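J.: Dumping the structure here so I can ask a few things about it.
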Amino acid sequence: MLMNYSNDNDSLQAQLINMGVIPTLVKLLGIHSHNVALTEMCLIAFGNLAELESSKEQFASTNIAEELVRLFQKQTEHEKKEMIFEVLAPLAENGNGIFL
């Protein structure tokens, strides 16, 4: 449901960011990385939000790079690794404090 709200709807994306959704999702990813459905939902939401200028500060205040690298290292499926790279790319391009 969250990924539906965060997909291509600027006002809802801004509202989610203002509510502090990014740090919450990063924490969920760290705690529940074994939950495939939740992990995929977080990755999709991150991908939708990472391209927004207003998300930079929240992403920079989290340990998202470490969580994504940890998740990447656990993956055996190529498709899952590709999803993680698709999240990392816009974060790195937008200067969201991602240094690998």
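J.: Starting from residues that are under 11 Å from the mean Cα position of the chain (by Cα), at pLDDT 85 or above and under 10 Å from ALA45 (Cβ atoms), keep the ones in region 1-23 and report whichever is surrounded by the most Cβ atoms within 10 Å (Cβ to Cβ).
T.: ILE22
J.: Condition first: of a type in the set (Lys, Arg) and farther than 13 Å from PRO90 by Cβ. Now tell me which residues in region 18-73 satisfy that. I'd like the intermediate steps shown before the answer.
T.: First, the residues of region 18-73 that are of a type in the set (Lys, Arg): 27, 56, 70.
The answer is LYS27, ARG70.
J.: Would you tally the residues in region 70-80 being exposed (fewer than 14 other Cβ atoms within 10 Å of the Cβ) and either of a type in the set (Ser, Thr, Tyr) or outside any helix (DSSP H, G or I) (or both)?
T.: Looking only at that region, the number is 2.
J.: Given (1) touching an Asp or Glu at 6+ places or on another chain (Cβ under 6 Å); (2) at pLDDT 90 or above; (3) within 23 Å of SER11 (Cα to Cα), where does GLY30 come up short, assuming only one miss?
T.: Of the numbered conditions (1) touching an Asp or Glu at 6+ places or on another chain (Cβ under 6 Å); (2) at pLDDT 90 or above; (3) within 23 Å of SER11 (Cα to Cα), the odd one out for GLY30 is (3).
J.: Ok, one more. Kindly indicate the residue of region 31-64 that is of a type in the set (Gly, Ala, Ser) and surrounded by 15 or more Cβ atoms within 10 Å (Cβ to Cβ) and also farthest from ILE17 (Cα to Cα) among those meeting that condition. Don't jump to the end; show me each part of the working.
T.: Of the residues in region 31-64, the ones of a type in the set (Gly, Ala, Ser) are 33, 37, 45, 47, 50, 54-55, 60-61.
Remaining after also requiring surrounded by 15 or more Cβ atoms within 10 Å (Cβ to Cβ): 33, 45, 47, 50, 55, 60.
Numbers: SER33: 22, ALA45: 11, GLY47: 13, ALA50: 10, SER55: 6, ALA60: 13 Å.
Only one residue tops the list, namely SER33.
J.: Does GLU67 satisfy the criteria of being surrounded by 14 or more Cβ atoms within 10 Å (Cβ to Cβ) and at pLDDT 90 or above? Full working, then the answer.
T.: Details: surrounded by 14 or more Cβ atoms within 10 Å (Cβ to Cβ): yes; at pLDDT 90 or above: yes.
Answer is yes for this residue.
J.: Next question, about the same structure. Would you mind finding the one in ILE44, ILE84 that is within 12 Å of the chain's Cα centre (by Cα) and under 22 Å from ASN9 (Cβ atoms)? Explain how you work it out, then say what you get.
T.: Numbers: ILE84 fails: under 22 Å from ASN9 (Cβ atoms).
That would be ILE44, the only listed residue that is within 12 Å of the chain's Cα centre (by Cα) and under 22 Å from ASN9 (Cβ atoms).
The values are calculated or read from the model by the stated rules, or taken from the named source; none is laboratory data. Predicted model, so just to flag it, every value in this text is computed and none were measured. So basically every Cβ, Gly included, is an ideal-geometry build from the backbone, and we count neighbours across all protein chains shown.
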